[in-house]
Amino acid sequence: MSALRDGLDALIERRTRPVATYAAFWPATVVAQAADGLLELQPDSDAVPGVTGVPIRVGIAGAKLEVPRGARCLLGWEGADPQRPYVAAWVDGTMPGASRIAIASGPAGNVAAEHVITTEAVTNIVLQVVKLIPGMSTPGTAETAVATLLEAASQTALDPVTGSAIIAALTHAFEAASAKPPAVAGVQLQPGIGCAGLIVG
Amino acid sequence: MIGSVNGSALVMADMHMPARGAWVADVVVDTDVPLLPAPRGALLTLDGVTTWVGTVVDQASFSGLMRARIVGGAGGLQTALLAKYYRSVPLRIPVIDTLAAVGESLAPQSAKLDRFVERWARVAGTATEALAAALRVAGGTWRVMPDGGIWFGEDAWLPTPVDVDVVDRSAERRWMTLAAEVASVLPGTTVDGVRVSEVSYHLRPSRFRAEVWAV
């Protein structure tokens with residue numbers, strides 16, 4: 001009976017493994033992003049191949065996302081179809097630089113807005129940081145960092161480089177205050193929807 | 001008994017041809033010399049008419065005879081392959097590539113593989129699993145043909161070209177037993193109005209029977 005069961009198990013495993021492989025999400029690293037936004041990825045596992053021309057499912061209708069080389073993501077296949085790889089999500093805390101998200105609305109594209117890393121977003125982040133970190137209220141490096149951020153946030157728009165600098169400064173501010181965002185009681189910081197590397201409260 | 005393997009007479013044989021996949025034959029051969037285990041090294045005939053090209057995957061001698069299992073083609077379909085990625089190719093390319101990697105070959109009469117795929121990911125696994133993935137997209141079926149080639153396509157359900165003698169059949173016509181003269185009934189053909197999904201041949205010293213399962 002055991003042999004029969006083992007044989008049945010093996011048969012089921014053999015029949016379902018290929019589909020199960022395509023149906024799973026595989027951690028991968030961004031090797032490059034083409035001008036059309038499609039990604040080249042190298043999965044961690046050799047169970048699935050390195051892939052090119054992979055679209056990102058941003059999670060916001062009409063949005064396009066630019067991500068840096070080295071970004072970590074989850075690779076999957078729509079409908080477990082070998083023809084349809086896609087990036088499903090981004091792995092928290094692994095974005096080595098700034099990302100850029102563009103959102104277009106309206107079927108004709110006549111109404112469009114671009115969120116790079118906006119002053120509003122940065123201001124909101126800074127204000128939340130100030131609220132969350134007790135050390136921010138005391139003079140010192142952290143306060144200076146926040147002042148720098150606020151000054152940058154007064155600009156009407158930020159390009160990705162500036163945005164990256166602000167995020168880096170923000171990270172520095174956290175470190176200066178010896179505070180790690182996830183350790184703040186009652187507050188869970190996580191990547192924004194579709195905004196790889198952009199941390200919001 | 002006119003059946004043989006590589007010229008050595010068959011004592012008995014059971015061959016099964018599934019609707020999809022490789023045919024398998026369990027044979028007892030009147031020889032004490034091991035059969036050549038090389039890919040496509042086994043030339044099997046049950047009826048003296050059709051030659052089936054396969055590979056001996058297991059064998060043992062007993063009482064001056066050789067018992068062997070022969071699978072259709074080069075015997076490579078269960079070989080594990082590394083993952084591989086293709087861009088902008090007809091589906092035929094990853095299929096041929098997969099078969100070549102395990103010593104198999106695509107039957108020239110294959111169809112349904114001209115579909116263009118912008119991307120194609122072969123995950124790590126056996127060649128059979130890779131073919132199954134291609135089949136899910138292409139549709140139709142695939143099987144190892146008598147000549148050992150791997151055929152992809154849509155079954156045409158052509159009538160079996162010879163008359164058959166129906167010995168027994170189920171009331172629902174789901175299966176039939178035929179008194180075979182030649183091994184001419186294949187999956188994908190039609191016998192006595194019944195579409196054939198699978199066929200088993202049973203060759204014994206005193207008789208030759210075919211069991212046929214309907215679609």
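Below, the figures for the structure above:
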item	result
Looking only at region B:182-195, and only at residues there that are part of a strand (DSSP E or B) and in contact (Cβ under 8 Å) with a residue 24 or more places away in the chain, the one that is surrounded by the most Cβ atoms within 10 Å (Cβ to Cβ)	B:V191
Residue check for B:L81: within 14 Å of chain A (Cβ to nearest Cβ) and either buried (at least 23 other Cβ atoms within 10 Å of the Cβ) or in contact with a strand residue (DSSP E or B) (Cβ under 6 Å, 6 or more places away or on another chain) (or both)	no
Members of region A:1-14 found to be within 12 Å of another protein chain (Cβ to nearest Cβ) and either surrounded by 13 or more Cβ atoms within 10 Å (Cβ to Cβ) or among the hydroxyl-bearing types (S, T, Y) (or both), listed by number	A:R14
Positions within region B:74-128 being of a type in the set (K, R) and either under 20 Å from A:L41 (Cα atoms) or free of Cβ contacts under 8 Å to residues at least 40 places away in the same chain (or both), in sequence order	B:K84, B:R87, B:R92, B:R115, B:R119, B:R122
Residue that is nearest to the other protein chains (Cβ to nearest Cβ), among those in region B:160-177 that are assigned to a loop (DSSP other than H, G, I, E, B) and of a type outside the set (G, A, S)	B:R174
Residue check, B:F208 touching a strand residue (DSSP E or B) at 6+ places or on another chain (Cβ under 6 Å) and crowded, with 18+ Cβ neighbours inside 10 Å	no
Failed criterion for B:D155 (all others in (1) touching a Phe, Trp or Tyr at 6+ places or on another chain (Cβ under 7 Å); (2) more than 20 Å from B:A25 (Cβ to Cβ) hold)	(1)
Which listed residue, of B:W120, B:W157, is surrounded by fewer than 22 Cβ atoms within 10 Å (Cβ to Cβ) and either at negative phi or more than 14 Å from every other protein chain (Cβ to nearest Cβ) (or both)	B:W157
Strands (runs of 3 or more DSSP E) completely within region A:55-94 that count 1 or more residues being among the β-branched types (V, I, T) and free of Cβ contacts under 8 Å to residues at least 60 places away in the same chain	A:85-90
Any chance B:L77 is closer than 22 Å to B:L186 by Cβ, in contact with a helix residue (DSSP H, G or I) (Cβ under 8 Å, 6 or more places away or on another chain) and among the hydrophobic types (A, V, I, L, M, F, W, C)	yes
Unique residue being of a type outside the set (K, R), buried (at least 16 other Cβ atoms within 10 Å of the Cβ), more than 8 Å from chain A (Cβ to nearest Cβ) and under 21 Å from A:E78 (Cβ atoms) when the list is B:L106, B:L131, B:L135, B:L113	B:L135
Selection within region B:29-65 - more than 18 Å from B:V182 (Cβ to Cβ) and in contact (Cβ under 8 Å) with a residue 40 or more places away in the chain	B:P39, B:R40, B:G54, B:L65
Strands (runs of 3 or more DSSP E) completely within region B:3-54 that count 2 or more residues being touching a Ser or Thr at 6+ places or on another chain (Cβ under 7 Å)	B:8-17, B:42-45
Count - residues of region B:84-95 that are surrounded by 18 or more Cβ atoms within 10 Å (Cβ to Cβ) and closer than 30 Å to B:W52 by Cβ	4
Selection count where residues are in a loop (DSSP other than H, G, I, E, B) and either β-branched (V, I, T) or more than 17 Å from the chain's Cα centre (by Cα) (or both), scope region B:121-141	3
When residues of region A:30-81 are limited to those that are within 14 Å of chain B (Cβ to nearest Cβ) and among the small types (G, A, S), the one farthest from B:A121 (Cα to Cα)	A:A34
Inter-residue pairs, beta-carbon under 6 Å, first under 14 Å from B:S197 (Cβ atoms) and in region B:169-181, second among the β-branched types (V, I, T), 6+ apart	B:R173/B:V194; B:M176/B:V166; B:M176/B:V212
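The numbers here are math on the coordinates, done by the rules we state, and not lab data. Note that the structure is a prediction, hence the values are computed from the model and not measured. We place every Cβ from the backbone using ideal geometry, glycine too, and count neighbours over all the protein chains shown.
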